Each structure stands twice: as C-alpha cells, then as structure tokens.
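Input: a single structure, listed below in structure tokens.
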Amino acid sequence: MKLARVEFKKLFGYFDYSIDFHDTVTILHGLNGCGKTTMLQTINAVFNKKMDTIKSTDFQAVSFFFSTGDILGIERKKIYLDSEKQRTTGITYLAYSVVSNGKETVFDSFENTDEYQDIVKRFLRGSRPFPFLERLNESTWYDRRHGTNLNLEEVIAEYGANIFRRYSREYLEDDIPQPVQEILDSMDVRLIAADRLTVAKRVERQYGEDNIKIERRVNLIAKDLSQKIRDTIQQYAQLSQAKDRTFPLRAIKQSSLLTVDEIKNKMVELESKRREFIDTGILEEEQDDIGIHDLVDAITESNRQNLSLYAIDTEEKLNALSSLSSSINLFRNLIDRNFNNKRIIFNKDYGFRFITTYSDSTILPQSLSSGEQHELVMFYDLIFNASENTLILIDEPELSLHIKWQLDYVDELLQIIDATKFSAVLATHSPQIIHDKWDLTVSLSE
C-alpha cells in the first residue's frame, strides 16, 4: 500500500493543500512559511503514532488517500470545560475516520467523554498529583518540568491521557482505534530532518537531571554499518556450519552433478563474488589463499562429484552476503563519484572511513565537510534504511550542498529508488534541486 494523496485543511489556520504523490519522487516547492516542513513532520508523526505532536500542530484536519482506495482522516477537535465562557485554550483531542470498501467509520476519542474528565479532575484534587506538578490554587498548577503555570484545561491536555490510563476502570493501552492502527502499521514512514547531522541522546541521570550527549550522525551510521556487516557475517557462518555438517551425507546421496566445465565456470564466478565481498569489507583476505587458476586446473573428472556439491554450497553461502554487498557498492559508487580526492573503504570493525587519493592518509567521518556529511547521512538512510513499503520524507536536501551536487541530487535519488523501490517526498526552496524535474514538483502557492 502506498500513499497517493494528502489533503491538509486550514494548516496554520489558513492554508488548504491537496498534494498528489508520484510513485517515485514528489518535490514540494514554495516560499518560507507555506508549511512544507510542517507537513512532512505531520505525516511522519501520524505514521509513527506521535499523537501528542499532532495535537500541538496548527491545522484543522488532514486526510490520507491510499493506492488501495482507503482513506484515513484525522481531525483536531477541542473540548471546553466551561461551555458558556468558551475559553480559547480548550483540550485538543483527535477524531478519526476510516473509509474502506466505500464505507466510512468514525471514531471519537475517549477524551471526549464525561468519564475521562471526571477521573482526571478527581485525580487533580490532590495538592501534588505528580512530583513535578504542584497545585497553586483552585485552578492553577506549577509544572516543574517546563517551569510554567498551567490552568485546568492545560493540565488535562498535557497529562490527562496518562492519568486516565492509570486510573480508569478499563485498561487503556493506546488511544488510537484498532482499524486506524492497522492502516498506520501498513506503511513505514521515515523523516530525514533538516537538523540531521547531530543526535541528542540522554545519558545516565545525576542529581535528578538528565545529561544530554550530542553525537555526530556520521559516526552513528558508521557504527550501524559495522553492526550490519557483523550480523551478515554471523548469518554466513551459521549457514556455512549447517552446510559443512551435512556435506558428507549429501555428497553420497547427490544424483545430479555439474560437468567439469560447469564447475570451472562456477568457481571463477564465485571467486569474483568473493573478491567483491572482500572489497566491500564483508569478508577478509585469507593469507593462504589458493590461486583461482591453480584451482580450476586441478578440477578433473575424478574429483567432479565432491567439487560439484562444493561449488553449489559455496554459491548458496555467498548469496547470503549479496544483498548487503550490493547496498554497500551502490553507497560507495555515489560517494566516490561526488567526493573530491577521497575514496570510501569498509570494514566490519569501523563500518566505513575515507582514504585520500593523493597520500593514502585516513579521514574519519566526523572530519568531513558539512556538505559531505549531509550527503553521507542522506544516502545512507536511503540505501540501508528503506524498503519497498517505505515513504522517505526529506526536508531541505540542499543544505550545505554545492550547486553541482544539488543539480545531480534527484537523479541520484531516482537511481537509489530504482534499486530499493521506496518512494520519497522532498521539501525544498532550491530550483537547483528541482533542476529539470518540474513534472515531479508541486508548487505551494496561493
């Protein structure tokens, strides 16, 4: 299932948008403040079930139209505890609608019930309902987490769902209706945000406060690739052990054998594959390696039976490495094509590093320029973290990129999509990113 169209109603209280998505790449182009980034963040928040983000985003409704014909609608509504005064704050909740097989079903939130409001109000009667929430008077609380005063509606909006889950008669695991969850789970949506070069991580707590550690994203993806290589090697080793353990019995029982010429051709082909896997850092060079020509010359009719099964087994073992090796090769070709005076190398211990072409000195990922790091992060996520059912949202891909890299960007993205089969939505200000792809572009203007 793919996303075919998205409609926003009253984004920022003003903009109405209907955006048709292309099968491969859709480019959103427009002035600052027209909502490009907010729309990407909203789509990402919906499909990753970050409903608090949806509640705090300024729009009236959003509708998602899928290739199957199904439609998911989400509307932001408000509850006012004092209907006569109609206070402007209100408690925001989400109402859902699902259209499937031409039939619409509407789901209202548990927050729009008397039971919800009664339970939360009863809990808040205490002077200190949470350690970080202190009652100041009948209708005001001090929130130590954010250092702000909250009225009753604001407290319920911020903490009401957690209170209700804890104290309601029925255990409430999630406030998203099951049919809506099934739709959200059917798609993998990932956002490559504009602030993609660093990641803030919470580390051990000291004196009641969280310590924040800032890490470079290029170092994290290098570690991630290292782990991917290690996992693939482990799968290869497990398959090899299984094949080796049953080899004698299968050698005795096998009925169909390869010819001597077929074995020789396959051995040459397998050696070429093995060299590729060494080059992509998955396998290591063996010190006592037997030359392929000596091996081929030694294949005769007398050893054809055992070598036939050996060739078949080796092909199956190496096939377990092919998918990761193909991804690494695509990654390397794009990076080496763009990066000046550098080439990327791979290893299971460190993932990847760079070697200068003029002195063979090592360059660590964090030492690259800002533009190079942006390309690394984006290409890595696109190649290694996307599949056929993935929608990738990319905010401002032009950041820190030279104009030549911007002009080539969509063509390179289409090359990756051709191999991986995901779809992408870009939000950009840059006509260089669009280049000659105006047929893929949706201009957001009045």
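Here are the numbers for this structure:
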{"read-out": "Carbon plus sulfur fraction of accessible area for the stretch 356-418, probe 1.4 Å, in percent", "value": "50 percent"}
{"read-out": "Residue of 324, 307, 391 that the Gaussian network model of the chain assigns the largest fluctuation, springs spanning Cα pairs under 10 Å", "value": "307"}
{"read-out": "Hypothetical label at residue 370: residues of the stretch 337-353 whose amide nitrogen lies under 19 Å (7 Å Cα-Cβ projection)", "value": "339-340"}
{"read-out": "Top positive-direction residue, dipole computed over the chain with Cβ charges, set 298, 440, 102", "value": "102"}
{"read-out": "Hits among lysines - C-alpha to C-alpha of residue 317 under 22 Å, sequence gap 8 or more where chains match", "value": "228, 243, 253, 264, 266, 273, 348"}
{"read-out": "Set 9/77; 78/103; 2/77 screened for pairs whose C-alpha atoms are more than 19 Å apart", "value": "78/103; 2/77"}
{"read-out": "Cα-centred dipole magnitude for the chain, charges only on beta-carbon of K, R (+1) and D, E (-1), debye, nearest 20", "value": "1100 debye"}
{"read-out": "Percent antiparallel among DSSP beta bridges (both partners in the chain, rounded to 5)", "value": "75 percent"}
{"read-out": "GNM flexibility winner over the chain from 398, 75, 138 (Cα, springs under 10 Å)", "value": "138"}
{"read-out": "Ellipticity estimate at 222 nm from DSSP helix runs (n ≥ 4, -39,500 (n - 2.57)) divided over the chain, nearest 500", "value": "-13500 deg cm²/dmol"}
{"read-out": "If the convex hull is drawn through the Cα atoms of the stretch 393-446, its volume per residue in Å³", "value": "90 Å³"}
{"read-out": "Value of Rg/Rh across the chain [Cα atoms, Kirkwood radius]", "value": "1.08"}
{"read-out": "Selected from 351, 160, 147 as most flexible by GNM, with the chain as the system and alpha-carbon contacts under 10 Å", "value": "147"}
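The values are calculated or read from the model by the stated rules, or taken from the named source; none is laboratory data. Computed from a predicted structure; not experimentally measured. Glycine also receives a Cβ, built like all others from the backbone with ideal geometry; neighbour counts cover every protein chain displayed. Heads up: the accessible areas ignore ligands, DNA and RNA and are worked out on the full protein's heavy atoms, side chains in. Shrake-Rupley method; radii C 1.70, N 1.55, O 1.52, S 1.80 Å.
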